[in-house]
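Taking it in order: structure first as structure tokens, then the write-up.
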Amino acid sequence: MTVETLNIPGISKPASRIGLGTWAIGGWMWGGSDESEAVRTIQAAVEQGISLIDTAPVYGFGKSEKIVGQALAGALRDRALIATKGAWNWRSGKPYRDAGARRINHEIEDSLRRLRTDHIDLYQVHWPDPLTPIEETASALAALKKQGKVLAIGVSNFSPAQMDAFRAVAPLVSVQPPYNLFERGIDRDILPYAEAGGLVTLCYGALCRGLLSGRITGETEFSGDDLRRIDPKFQEPRRSQYLAAVAELDAYAREHHGKSVLTLAVRWVLDRGRTIALWGARREEQLNGMQEVFGWKLTPDDMREIEAIVARHVHDPIGPEFMAPPTKDKVLGTV
């Protein structure tokens, strides 16, 4: 397939506008994962032209990064752009924010080892840490960039004010917020900020935890530690509202474009600016449909009708706030 790409400052390889998201590959909060199948999925994505692989240490507490490193070992590493995220810590399986310089310097070494590489293409601060000055975090990443361990720096879940503070100390090329048809909070501030500042926006949750895949029904059950068991969107009465919107969006996509709701949802993200949509997959068949996203665009009339469909069905919308991790003091009881 012909994959749309864009350039991220500081990185010589072009980034595919669909990036492979690997949270589910780590298994944690997704009901587990098959390692050999995950390796094949990553390799298949790269072979299809998906160059951006997004991961993080906290995804399976190191497991996701290890799988990514195994999958990309050898020649595939030169074809892939690795984006990982630091500034988390955990104790007994309980993660918390930790963006101190000491933690970041420790994490980068662990990430390089697990990923089997001598540099991270895009290193991102996973969440802002209110207990650590942003200047300390930015200074630590600026030093890593100077050492060549990091080619470019990004942040995730940061507000415009927090990004301003970060950019006063270190260069910033990207921001990674949640963004999809159902979770559009960044339209108000982060997306315009990124556009004005020349930042690339990596959008996680492009399919809203699978809700926009078209595969989830009212009878779908989630087991184990799957985060959708606590996601308010998957609880009634909201679940029925969102599924009704998905059904009408699917009908609209098929009638007007010959596409599925999954394809429509990802195309919508790509048509919102200088954006990359993160597509989560842990099995090869979950890559199906990627080729349908490229080579066409939504019109202004499409955008208006999509908004109308969502408004018609979703009367009690809610964002992704439930996913925000605690601070160190909440988990450890002290700082």
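The values are calculated or read from the model by the stated rules, or taken from the named source; none is laboratory data. Quick caveat, the model's predicted, so the values are computed rather than measured. Glycine also receives a Cβ, built like all others from the backbone with ideal geometry; neighbour counts cover every protein chain displayed. For the accessible areas, the whole protein counts, side chains as well, though only heavy atoms, and no ligand, DNA or RNA atoms are used. Shrake-Rupley method; radii C 1.70, N 1.55, O 1.52, S 1.80 Å.
If R0 is 51 Å, what FRET efficiency do you get for Ser223 and Ala196 from their C-beta distance, rounded to 0.05?
0.70
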Problem set entry | Among Pro237, Ala75, Asn105 the positive-end extreme of the charge dipole of the chain (Cβ point charges) | Asn105
For this session: Treat each spin label as a single point 7 Å out from the Cα along the C-beta direction, and report the Asn7 to Ala244 distance in nm.
Result: 4.9
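Using the Cα centre as the reference, give the magnitude of the dipole from point charges on the C-beta atoms of the chain (Lys, Arg: +1; Asp, Glu: -1; all else neutral), rounded to the nearest 20 debye.
Numbers: 41 positive and 42 negative charges, 154 e Å.
Computed about the Cα centre, the dipole is about 740 debye.
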Exercise. Can you give the calculated 222 nm mean residue ellipticity of the chain, where each DSSP H run of n ≥ 4 adds -39,500 (n - 2.57) and the sum is split over every residue, rounded to the nearest 500 deg cm²/dmol?
Worked result: -11000 deg cm²/dmol
Problem set entry | Global form of segment 185-269, assessed from the alpha-carbon gyration tensor, a/c cut-off 1.5 | oblate
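Ordered by packing density, taken as the mean number of other Cβ atoms within 10 Å over each peptide's residues, highest first, how do 313-319, 178-184 rank?
Numbers: 313-319: 13.7, 178-184: 22.9.
Most protected by this proxy first, the peptides run 178-184, 313-319.
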Seminar exercise, completed: To the nearest Å², the heavy-atom accessible area per residue of segment 135-181 with 1.4 Å probe amounts to 34
For this session: Using amide H atoms built 1.01 Å from N in the peptide plane, name the residues 5+ places from Val155, or on other chains, whose amide H lies under 5 Å from its own.
Result: Val125, Ser174, Val175, Gln176
Problem set entry | Point-charge dipole on Cβ atoms (K/R +1, D/E -1) for segment 180-335, about Cα centre, debye to 20 | 260
Problem set entry | Inter-label distance for Asp34 and Asp110, nm, one decimal - labels placed 7 Å from Cα along Cα-to-Cβ | 2.9
For this session: Rounding to the nearest 20 debye, state how big the charge dipole of segment 98-145 is about its Cα centre with +1 on each Lys and Arg Cβ and -1 on each Asp and Glu Cβ.
Result: 160
Exercise. Of Lys94/Lys330; Lys85/Lys149; Lys94/Lys145; Lys149/Lys328, which sit over 18 Å apart, Cα to Cα?
Worked result: Lys94/Lys145; Lys149/Lys328
Problem set entry | segment 4-101, accessible area per residue, ligands and nucleic acids excluded (1.4 Å, Å²) | 33
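Once the other residues with Cβ under 13 Å from the Cβ of Val269 are scored (Lys, Arg +1; Asp, Glu -1), what is the net sum?
Working: positive: Arg17, Arg184, Arg267, Arg272, Arg274, Lys297; negative: Glu4, Glu183, Asp187, Asp271.
Neighbour charge sum, excluding Val269 itself: +2.
Would you list the membrane-span-like helices of the chain, meaning whole DSSP H runs whose alpha-carbon atoms span at least 24 Å along their axis and whose mean Kyte-Doolittle value is at least -1.0? Could the numbers behind the result be given before it?
Details: long enough: 238-257 (28 Å, -0.82).
The answer, listed by residue number, is 238-257.
Cα gyration tensor of segment 1-153, axes a ≥ b ≥ c as square roots of the eigenvalues: rounded (a/c below 1.5), prolate (a/b > b/c) or oblate?
Working: a/c = 1.94, a/b = 1.25, b/c = 1.55.
It is oblate, given that a/c is not under 1.5 and a/b is not larger than b/c.
Using a 1.4 angstrom probe on heavy atoms only, work out the carbon and sulfur share of the accessible area of the chain in %. Could the numbers behind the result be given before it?
Numbers: 6690 of 13560 Å².
That share works out to 49 percent.
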For this session: Assign one of three labels to segment 126-211, namely rounded, prolate or oblate, based on the Cα gyration tensor with a ≥ b ≥ c the square roots of its eigenvalues; rounded applies when a/c is under 1.5, prolate when it is not and a/b is larger than b/c, and oblate otherwise.
Result: prolate
Problem set entry | Inter-site label distance for Glu321 and Ala161 at 7 Å from Cα along Cβ, in nm | 1.7
For this session: Out of all DSSP beta bridges with both ends in segment 24-155, state the antiparallel percent to the nearest 5.
Result: 25
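By per-residue mean of other Cβ atoms within 10 Å, what is the highest-first order of 62-70, 234-242?
Numbers: 62-70: 23.1, 234-242: 15.4.
Ranking, from highest mean packing down: 62-70, 234-242.
Less than 10 Å Cβ to Cβ from Phe322, Lys/Arg counted +1 and Asp/Glu -1: what total charge do the surrounding residues give? Don't skip to the end; give the middle numbers.
Values: positive: Lys233; negative: Asp231, Glu321.
Charge balance in the 10 Å sphere: -1.
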Exercise. Which one of Gly19, Val58, Thr117 has its Cα pushed farthest toward the positive end of the charge dipole of segment 19-133, where Lys and Arg give +1 and Asp and Glu give -1 at the Cβ?
Worked result: Val58
Exercise. Sequence-distant or interchain residues sharing an amide H contact under 5 Å with Trp90, placed H: which?
Worked result: Tyr96
